[in-house]
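One structure below.
Every number in this text was worked out from the coordinates using simple rules, so none of it is lab data. Note that the structure is a prediction, hence the values are computed from the model and not measured. Cβ atoms come from the backbone with ideal geometry, glycine included; neighbour counts cover every protein chain shown.
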Amino acid sequence: MVVAAALALNTTRFGRYTRAAGSNEEAANRVGIRVDRHLIKVYALSGLLSGLAGVLNLAHYSSTTLTSGAQDNLNAIAAVVLGGTSLFGGYGTVVGTVIGVFIPAVLQSGFTILQVQSFWQTVAVGGYSSWPSTSISSDAADATTVDPRPGGAGPFPPAAGRSHQGGTPMHTKALTVGAAALLVLAAVSGCSSASGSGSGGKASAKSITFIAGKTGDPFYITMKCGAQAESGKLGVKFSATGSVDWSVPEEVSSVSSVTAYHPDGVLIAPVDPNSLEGPIRTMEGNGTKVAIVDTTLTDPTIGITRISSNNVQGGQKAADAMAQLVGSKGEVVVLTPDLTTTTTNARIQGFKQELAAKFPGIRIDDVRQVGDTAQGAASAVGDELSAHPGLVGIFTANSETGEGVSTGLKDAGKQGRIKVVSFDAGPEQVSALKSGAVDALISQDPYGIGQQAVDQLVNSFDGKPVNGSIQTDLTIITRQNVDSPGVARFLYQTDCGS
Ligand code: T6T
């Protein structure tokens, strides 16, 4: 594919026209290129290749979600720019783009192997990718586009005000030096980033890594805090990584990097029940003990233990709360990130079962996938209100969907009039509960999940019995009990200091 694309760009009329149109549209028009028509072909080709990438992605990971690849456009643009394509058009190479794809990926894997905390990984990779002087493009800074006319080879100047900024091969050196410097920095900080260094106990030389489903999610931050505190107590080295988004490719890549540095134990929340099985098996084959936390895998033989909330029961509690709020009758909808995540699916199953068994007066109009973003949920609320004017309640299956509902109802002027029951208790959800935008939260105990996973891993290091399946507590939080001391441990944190 790379060879074909490089040949097309460099040796065909189509390639020359593309560069000419990108470099100086007016000049290209004047030499007879029908730029509008040509751009339609370029965009059609881009669409075709994106479709092909989607098919390959699906074939590779055997599953996908509504928002899968939502960030891929940004990654693609970053790779193209890092690879030397001028943002002003007229210059770019396919090989440069391929290199541009690998730079952030290699840095990310290097940081994970060096056990740099995920926050600093994001800062470093993002900072490096947006460091303009590192772009390979500067090598081509003096380039002018070839004359696209038949037989023409002379210079074809970029449009006024769109010239490539000056640069020399020095910038390519800066690229390499920058990447090397970051890795050295990472090595140094990585040595100090693991916490809870051993000070006694049989497990003192052991190490545990947490792979979160989504690193910025308060649920997983709280789980990390529990695991970190327990590791410190038991004298185990602890580190954490994971993906920024709820993404199969990102998590597969984290698992591979973690497998490479071979920790004694890992606790992981698999974002997909099937696609992660192969990589996690490989990690186990490499000698790492694995605790599956929160979400789960289809193959029950993977992992020494599975620890999560009783999500079916959580869905039932949500149905009971909803019935009480709406007087056991009316139309409701369910918003969920996707239909592949095991936890949210179990919650929906419990919600449906309970309504069918105990509250036949409540009808579920829709179970809608909105992606794991608050924006997705907010815009879905407007659609659902228009489609179902008789709506009396909304159940959201996790944090992001819950956060979006408050915004959606506010935008529609229906806040407080439609009853909302949400899973989870991140800080924004708790504020929405206190302000009356949400009526009840079904909260989990992520801190306890983290603690118990570390306990089971350490038991297995020490040859002690391991509990293969643990269900942690859930509680229902309302405006009446939100400030009571018994509920405090069910409120999620955004950092381990709070
Ligand atoms: O609800 C939690 C978690 O249990 C679920 O698997 C994914 O979403 C959350 O992280 C909340 O955003």
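Treating r as the C-beta distance of residue 48 and residue 261 and R0 as 41 Å, the FRET efficiency rounds to 0.55. Using a simple spin-label model with points 7 Å from Cα along the Cα→Cβ vector, what separation in nm is obtained for residue 480 and residue 2? Here the modelled spin labels are 6.4 nm apart. Judged by the mean number of other Cβ atoms found within 10 Å, the most tightly packed of the peptides 357-370, 314-327 leads the ranking 314-327, 357-370. Over region 417-498, the fraction of Cα-Cα pairs per 5 Å bin, rounded to whole percents and listed from the shortest bin up, is 3, 14, 22, 18, 13, 11, 8, 5, 3, 1, 0, 0. Packing, as the average of other Cβ atoms within 10 Å across residues, places the peptides 392-398, 20-26 in the order 392-398, 20-26, highest first.
Peptide packing: for 482-488, 92-98, the average count of neighbouring Cβ atoms within 10 Å per residue gives the ranking 92-98, 482-488, highest mean first.
By the Cα gyration tensor, region 311-446 has an equivalent ellipsoid whose semi-axes, rounded to whole angstrom, run 18, 17, 14 from largest to smallest.
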